Amino acid sequence: MQQIIDRRLAGKNKSIGNRERFLRRHKEQIREAVRRAVEGRGIRDIAQGEDIHIPRRDISEPVFGHGQGGKREMVHPGNKDFVRGDRIERPKGGQGGGGGQASDSGGGEDDFVFHLSKEEFMQVFFDDLALPNLIRTTLADTPEYKTHRAGFSSDGTPNNLHVVRSMRGAIGRRIALGSESRRELHRLEDLLAELRAQPVSAERLHEIEQLETDIAALRARIDRIPYLDPIDLRYRSRVRTPVPTAKAVMFCVMDVSGSMDEARKDLAKRFFILLYLFLTRHYEKIDIVFIRHHTQAQEVDEHDFFHATETGGTVVSSALVLMEEIIRARYPRNEWNVYGAQASDGDNWHDDSPRCRQLLEHGILPLCRYFAYIQVVDQEQNLWHEYASLAEESDTFAMRKASEVDQIYPVFRDLFRKEGAAK
Amino acid sequence: MSDTFNRRHVGQAATPDEYGGRRPRPPLRVPLPPTDRPAQTLPAPSDWTFDLIDQYHTVIRATAQRFSLDTYPNQLEIITAEQMMDAYASVGMPVNYRHWSYGKEFISTEKNYRRGQMGLAYEIVINSNPCISYLMEENTMAMQALVIAHAAYGHNSFFKGNYLFRMWTDAGSIVDYLVYAKNYVAACEERHGVDAVELLLDSCHALMNYGVDRYRRPGKLSLTQELERAKDREAYAQQQVNEIWRTLPPKSGKDAAEKEQARFPADPQENLLYFIEKNAPLLEPWQREIVRIVRKIAQYFYPQRQTQVMNEGWATFWHHHLLNTMYDDGYLEDGIMIEWLKSHTNVVFQPPVDHPAYSGMNPYALGFAMYSDIKRICETPTDEDRYWFPDIAGRDWLETLDHAMRNFKDESFIGQYLSPRVMRNFRLFSIVDDEIDPTLEVSAIHDEAGYRSLREAMSRQYDLGSREPNIQVWSVNLRGDRSLMLRHTQHNERPLHDNAYEVLKHVARLWGFPVHLESVGSLGNVSRRWTVDPSTA
């Protein structure tokens with residue numbers, strides 16, 4: 001009888017390798033498309049897939065073929081009213097396909113379109129980017145543990161009892177302990193049977209009696225071997241191994257004073273989102289702390305951060321003080337990777353800027369992996385100048401300007417460019 | 001029901017025992033009588049189960065045996081739509097090496113499928129031993145029965161019987177070879193980088209159609225044979241010795257110049273990939289092996305490219321005949337019949353030339369019509385048939401069909417068997433498109449005067465030799481810049497497509513030195529010339 005083979009469960013995604021190669025080959029076009037897509041996208045759906053268009057000629061595989069011209073004869077079906085010798089106007093743009101397989105190229109010069117999944121999109125999106133100063137914090141004091149199996153042990157909790165192993169051990173023990181007695185028993189039984197076969201005499205009877213008591217004693221001894229002994233029990237062993245923590249906290253600091261209008265906030269938000277998405281690719285657990293400030297700083301939730309409007313002057317240092325307080329209170333350096341991102345229009349209370357620099361340099365930067373400042377207007381004010389001098393000295397601090405939406409992504413790429421990667 | 005034979009033209013050299021090794025079993029002259037009529041028809045729910053497929057398969061097999069269809073053992077495999085697309089994208093083979101073009105194919109197949117532009121092929125069948133037929137999960141029971149009859153008995157017997165397949169493919173080893181190819185290419189990617197391998201494969205794929213042998217190469221001689229021949233030659237030379245010729249003074253300079261111009265290769269070579277594999281100066285051993293892999297796969301698919309009409313027609317004819325016979329024998333229900341007949345009708349629909357869906361002849365339609373007509377000619381010949389086919393009119397149809405399946409390829413099959421009636425039914429007409437003529441001319445239609453020339457034109461249309469440009473290795477400049485000269489011999493003054501230059505770049509990449517391509521007209525005039533220097537390409 002022929003066997004029908006069910007292959008449905010085997011080999012899902014078998015062509016993933018081919019797809020990867022396809023994406024690799026058209027990396028440039030895809031990257032360009034991703035860049036364009038990000039510019040046009042709303043903030044909410046930045047992390048989505050995207051349809052990629054590639055001009056068909058770029059992916060064609062050339063083979064030798066006939067071109068137009070020369071003489072050829074083609075047979076077609078479905079003659080209605082032609083007779084031999086009829087003359088027909090040459091159709092414009094050439095007859096569609098001579099030999100038959102015209103269907104493949106029948107699409108004309110349309111672009112080749114395909115969908116990039118979300119993961120692939122993010123892959124391209126953050127391609128060649130790396131987190132600066134990335135050191136996964138491992139800690140000795142309160143590490144995180146993962147438990148996993150490691151063979152069997154002779155003690156443990158009942159829920160980890162491994163029945164098969166235990167019973168196997170028990171059988172072995174019973175065999176081992178009883179073997180001597182059983183051998184003796186068999187010997188005596190044979191002897192007894194032999195004696196019984198011989199003619200009866202008083203002496204024999206006595207011997208038989210003796211043997212029978214011995215046999216009974218042996219039997220009792222064998223029976224006394226316990227069926228299951230605590231010594232047999234085996235437990236699944238689980239060991240705990242410390243794993244390095246991969247936790248990050250991201251501080252979003254934004255100026256919400258009157259000069260920050262919706263457009264500028266939108267720029268800032270885009271930057272924060274990019275940073276957030278980027279961090280999610282490196283850390284399993286990410287906390288976000290939103291700090292907004294005008295003359296005073298406060299920690300708020302996401303909605304208030306982006307949507308509540310405030311007016312008033314600007315004192316940047318208030319936010320930095322709060323940030324430092326929060327880090328010291330909740331995010332000890334040995335447990336958390338701290339990232340800071342600050343967005344502002346550069347306005348600051350005049351005397352406050354040097355203080356900001358002081359705070360950053362001595363308070364925050366030593367606690368941070370990286371701190372990025374992004375200014376959403378072109379104009380350089382005193383805060384920019386103070387920060388600029390700081391940026392020269394510190395390699396965990398970076399600053400850029402972006403005044404248009406389409407600058408955000410390049411600026412972001414620039415900030416997180418891999419060492420040595422081309423611009 | 002389209003299979004993937006022509007999507008990418010990939011082959012495999014034949015076994016040495018092509019003909020002598022397996023003599024076909026002689027065909028039956030008449031079908032065997034049916035077995036006892038079953039008490040009831042096979043169950044006919046819409047959804048298939050493994051049990052049901054098995055029942056149907058048993059009956060189909062028994063029916064096929066009545067007509068003595070000679071097949072490889074069958075292996076039916078159930079797969080999902082995604083797996084079908086996957087197999088579809090990688091030239092219909094269960095395993096293949098990785099290449100971006102298969103990814104591209106998969107993406108476009110998937111896209112068309114999702115949009116509903118294209119129904120997926122219901123089945124894919126692989127010319128292997130055992131013959132693997134894929135049944136798609138989504139098919140209904142009626143469709144599974146159709147696919148089994150079509151693929152597992154129609155195509156399968158064609159693979160086993162047709163002379164081209166017997167000569168050029170080794171069904172027993174193709175899957176193993178592909179596994180080897182896949183692993184080898186993967187190992188090369190690891191060692192030499194994905195990019196290097198991809199470039200090489202791209203170049204090979206561009207020349208895939210020019211990587212096939214059209215004729216057998218003579219087998220290699222053993223050392224003893226070689227020595228024997230040398231001895232014979234020596235003896236012959238000894239006999240011819242004539243001292244008097246030695247006394248003639250050598251012709252001045254001419255011999256030397258001739259020697260200088262000794263051609264390499266001695267004769268033009270049509271298998272470009274073979275020539276490159278053996279002679280390209282700069283290829284590394286692993287690169288030669290990859291060229292060889294592509295060449296072998298191209299050779300494996302070579303018969304399929306030449307037997308499209310025959311192969312599809314044969315399978316279609318047999319699923320039609322087998323299922324109808326099963327119905328007559330009382331195995332099939334009306335519902336099942338209606339369902340598969342609907343699908344069958346779609347498959348053999350030939351849109352006329354002015355139909356928006358027209359894209360050339362439908363090989364299923366043409367092949368099915370021709371085989372059916374051969375059967376008709378055998379059973380109920382008319383006077384016309386007696387005139388056109390005196391040798392088969394009134395003969396046993398089973399034997400005649402078997403002969404027609406085994407010993408032809410599309411070109412010769414059409415040339416031999418395209419009957420006036422089929423031409424009339426399709427209302428065939430031929431158009432001459434001559435560059436120097438401002439209008440097209442209808443050169444023949446389906447009438448008494450036109451049958452013969454129509455048939456010839458149709459046959460030529462399926463001739464791979466005239467469908468593909470004739471490009472051969474002409475010479476290699478051994479003493480100069482090592483450049484390779486290819487020559488395109490024009491057929492009916494048809495020029496090369498513009499992307500010849502792109503392909504030439506690939507040739508140059510493989511050859512490693514400058515490559516020229518000359519297009520030669522019918523008068524021996526070079527009408528166009530391309531040159532690619534690999535250092536600039």
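The values are calculated or read from the model by the stated rules, or taken from the named source; none is laboratory data. Remember, it's a predicted structure, so these values are computed and weren't measured experimentally. FYI the Cβ positions are ideal-geometry reconstructions off the backbone, even for glycines, and counts take in every protein chain you see.
Mind telling me which of the residues B:Gly465, B:Gly480 ends up being more than 9 Å from chain A (Cβ to nearest Cβ), surrounded by fewer than 16 Cβ atoms within 10 Å (Cβ to Cβ) and part of a loop (DSSP other than H, G, I, E, B)?
So the residue among B:Gly465, B:Gly480 that is more than 9 Å from chain A (Cβ to nearest Cβ), surrounded by fewer than 16 Cβ atoms within 10 Å (Cβ to Cβ) and part of a loop (DSSP other than H, G, I, E, B) is B:Gly480.
Which strands (runs of 3 or more DSSP E) sit wholly inside segment A:235-317 and have at least 2 residues that are surrounded by 22 or more Cβ atoms within 10 Å (Cβ to Cβ)?
The strands (runs of 3 or more DSSP E) meeting that bar are A:247-255, A:285-293.
Give the residue that is nearest to the other protein chains (Cβ to nearest Cβ), with candidates limited to residues of segment A:77-92 that are of a type in the set (Asp, Glu) and in a loop (DSSP other than H, G, I, E, B).
Ranking the candidates gives A:Asp86 first.
Enumerate the pairs (first residue in segment A:337-364 and more than 22 Å from A:Leu279 (Cα to Cα) and among the aromatic types (Phe, Trp, Tyr); second residue anywhere and at pLDDT below 85 and not in a helix (DSSP H, G or I)) with beta-carbon separation below 8 Å, excluding pairs fewer than 6 apart on the same chain, so at least 6 apart or on different chains.
From segment A:337-364, the pairs are A:Trp349/A:Thr295; A:Trp349/A:Gly313; A:Trp349/A:Thr314; A:Trp349/A:Val315.
Of all residues in segment B:44-64, which are buried (at least 17 other Cβ atoms within 10 Å of the Cβ), of a type in the set (Val, Ile, Thr) and at the interface with another protein chain (Cβ under 10 Å from one of its Cβ atoms)?
B:Ile53
To keep it simple, each residue is scored yes or no on (1) surrounded by 10 or more Cβ atoms within 10 Å (Cβ to Cβ); (2) under 30 Å from B:Leu178 (Cα atoms).
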{"site": "B:Gly211", "(1), (2)": "yes, yes"}
{"site": "B:Arg216", "(1), (2)": "yes, yes"}
{"site": "B:Gln225", "(1), (2)": "yes, no"}
{"site": "B:Pro249", "(1), (2)": "no, no"}
{"site": "B:Pro265", "(1), (2)": "yes, no"}
{"site": "B:Val291", "(1), (2)": "yes, yes"}
{"site": "B:Trp314", "(1), (2)": "yes, yes"}
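For segment B:63-77, name all the residues that are in contact with a Lys or Arg (Cβ under 6 Å, 6 or more places away or on another chain) and in a strand (DSSP E or B).
B:Glu77
Looking at (1) within 32 Å of the chain's Cα centre (by Cα); (2) closer than 19 Å to A:Gln296 by Cβ; (3) surrounded by 17 or more Cβ atoms within 10 Å (Cβ to Cβ); (4) not aromatic (Phe, Trp, Tyr), which one does A:Glu325 not meet, given that it meets all the others?
The failed condition is (3).
The rows are residues; the columns are (1) facing another protein chain (nearest Cβ under 9 Å); (2) crowded, with 23+ Cβ neighbours inside 10 Å; (3) in contact (Cβ under 8 Å) with a residue 60 or more places away in the chain.
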position	(1), (2), (3)
B:Glu77	yes, no, no
B:Ala81	no, no, no
B:Tyr97	no, yes, yes
B:Glu105	yes, yes, yes
B:Tyr113	no, no, no
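Exactly one of these conditions fails for B:Glu435: (1) acidic (Asp, Glu); (2) touching a residue at least 40 places away in the same chain (Cβ under 8 Å); (3) surrounded by 16 or more Cβ atoms within 10 Å (Cβ to Cβ). Give me its number.
The number of the failed condition is (3).
Would you point out the residue of segment B:442-462, among those that are surrounded by fewer than 17 Cβ atoms within 10 Å (Cβ to Cβ) and of a type in the set (D, E, K, R), that is nearest to B:Val212 (Cα to Cα)?
Taking the candidates together, the pick is B:Arg452.
Of everything in segment B:192-224 that's aliphatic (A, V, I, L, M) and assigned to a loop (DSSP other than H, G, I, E, B), which residue is farthest from the chain's Cα centre (by Cα)?
Here the residue is B:Leu221.
Does B:Tyr153 satisfy the condition of being at pLDDT 90 or above, of a type in the set (Phe, Trp, Tyr) and surrounded by fewer than 24 Cβ atoms within 10 Å (Cβ to Cβ)?
No: the conditions fail for B:Tyr153.
All but one of (1) at pLDDT below 80; (2) within 14 Å of another protein chain (Cβ to nearest Cβ); (3) touching a Leu at 6+ places or on another chain (Cβ under 7 Å) hold for B:Pro27; state the number of the condition that does not hold.
(2)
Go through (1) assigned to a helix (DSSP H, G or I); (2) under 15 Å from B:Ile293 (Cβ atoms); (3) more than 10 Å from chain A (Cβ to nearest Cβ) and name the single condition B:Glu189 misses.
All conditions are met except number (3).
Given the options B:Leu322, B:Leu282, B:Leu272, name the one that is within 14 Å of another protein chain (Cβ to nearest Cβ) and either closer than 30 Å to B:Asp170 by Cα or surrounded by fewer than 21 Cβ atoms within 10 Å (Cβ to Cβ) (or both).
B:Leu272
Looking only at segment A:54-76, which residues are under 15 Å from B:Ser101 (Cβ atoms), facing chain B (nearest Cβ under 7 Å) and not in a loop (DSSP other than H, G, I, E, B)?
Hit for segment A:54-76 is A:Ile59, nothing else.
Return the residues of segment A:162-195 that are farther than 18 Å from A:Leu218 by Cα and at pLDDT 90 or above; say none if nothing qualifies.
A:His162, A:Val163, A:Val164, A:Arg165, A:Ser166, A:Met167, A:Arg168, A:Gly169, A:Ala170, A:Ile171, A:Gly172
Determine which member of the set B:Leu496, B:Leu504 is more than 7 Å from chain A (Cβ to nearest Cβ) and more than 30 Å from A:Asp81 (Cα to Cα).
So the residue among B:Leu496, B:Leu504 that is more than 7 Å from chain A (Cβ to nearest Cβ) and more than 30 Å from A:Asp81 (Cα to Cα) is B:Leu504.
Conditions (1) outside the structural domain of B:Asn129 (by TED's automatic domain parsing); (2) in contact with an Asp or Glu (Cβ under 6 Å, 6 or more places away or on another chain), marked per residue:
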| site | (1), (2) |
| --- | --- |
| B:Arg166 | no, yes |
| B:Tyr180 | no, no |
| B:Arg191 | no, no |
| B:Leu223 | yes, no |
| B:Glu228 | yes, no |
| B:Arg246 | yes, no |
| B:Pro250 | yes, no |
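Filtering segment B:490-518 down to residues that are of a type in the set (Val, Ile, Thr) and not in a strand (DSSP E or B), which residue is surrounded by the most Cβ atoms within 10 Å (Cβ to Cβ)?
Per the stated criteria, the residue is B:Val507.
Return a yes/no flag: does segment B:414-421 have any residue that is free of Cβ contacts under 8 Å to residues at least 40 places away in the same chain and more than 7 Å from chain A (Cβ to nearest Cβ).
Yes, that holds for at least one residue.
Tally up the residues in segment A:327-346 that are more than 17 Å from A:Asp266 (Cα to Cα) and either not in a strand (DSSP E or B) or not assigned by TED's automatic domain parsing to the domain that holds A:Glu386 (or both), please.
Qualifying residue count, segment A:327-346: 10.
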